[in-house]
Amino acid sequence: MLPVLIVEDDVNLIRLYKVQMRNWPFGTTVFVAPNGYEGLILVGEVQPKLLICDLGLPGVNGFNIVRALCANERFKELAIVVVSGLPAPEIMAHGGLPERVVVMSKPINFQALRDIAHERWLRMPELAYPRQK
């Protein structure tokens, strides 16, 4: 199972993520944090392989979360997708995002998100190819 952490404060969008992920051809374990503070705690606790993060979060915003994780060597293998309604110039006005972060605009392209998750799943041999006993 691919552990996915969604840091999002919109409950309807969280439901939509979960519905979409149920239909993916590989297994996911979805964790949800409704704000940036809880998101940072959960990242350390559950060690997700994919982080999906909104930028406009209460408390610690998505910009700070993403920058902190990208600056930490411990999370260098974490795939990070930012989903935001902010236009690119506004994201740049906030200092931009690290190069390795994939930015998706709203409405969400769930096929593209599934492709990113699937690629992450394939790169994790312990997830994609369980060992035979």
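Values quoted throughout were computed directly from the atomic coordinates according to the rules given, and no laboratory measurement underlies them. In this text the structure is predicted, and so the values were computed from the model without any measurement. Don't worry about glycine lacking a Cβ; one is built from the backbone with ideal geometry, like all the others, and counts go over all protein chains shown.
Considering Cα pairs under 8 angstrom that are at least six residues apart, work out the relative contact order of the chain and quote it in whole percent. Please list the in-between numbers first.
Details: 183 pairs, mean separation 31.0, N = 133.
Relative contact order of the chain: 23 percent.
Please report, in whole Å³, the volume per residue of the convex hull around the C-alpha atoms of region 1-74.
77
Can you give the local net charge around Glu119? Use residues other than it whose beta-carbon is closer than 15 angstrom to its beta-carbon, Lys and Arg +1, Asp and Glu -1.
+3
Report the residue, chosen from Ala93, Ala33, Ala117, that carries the largest GNM mean-square fluctuation when the chain is represented by alpha-carbon nodes joined by springs under 10 Å.
Ala93
Tell me, Leu50, Leu42, Leu16 in order of fewest to most beta-carbon neighbours within 10 Å?
Leu16, Leu42, Leu50
Once the Cα atoms of helix 62-71 and of the chain are each reduced to a long axis, what angle between those two axes, in degrees from 0 to 90 to the nearest 10, is obtained?
60
Which semi-axes, in whole Å and largest first, does the equivalent ellipsoid of the chain have when worked out from the alpha carbon gyration tensor as the square roots of 5 times its eigenvalues?
Value: 24, 16, 14 Å, ordered largest first.
Taking the number of other C-beta atoms within 10 Å as the exposure measure, put His94, His118 in order starting with the fewest.
Numbers: His94 12, His118 15.
Going from least to most buried by this count: His94, His118.
Say a paramagnetic label sat at a point 7 Å from the Cα of Ala71, along Cα to Cβ; which residues of region 26-50 have their backbone N under 19 Å from it?
Output list for this probe position: 36-44.
Over 10 Å intervals from 0, what percent of Cα-Cα pairs in region 66-106 sits in each interval?
For region 66-106, the pair-distance distribution reads 28, 53, 19.
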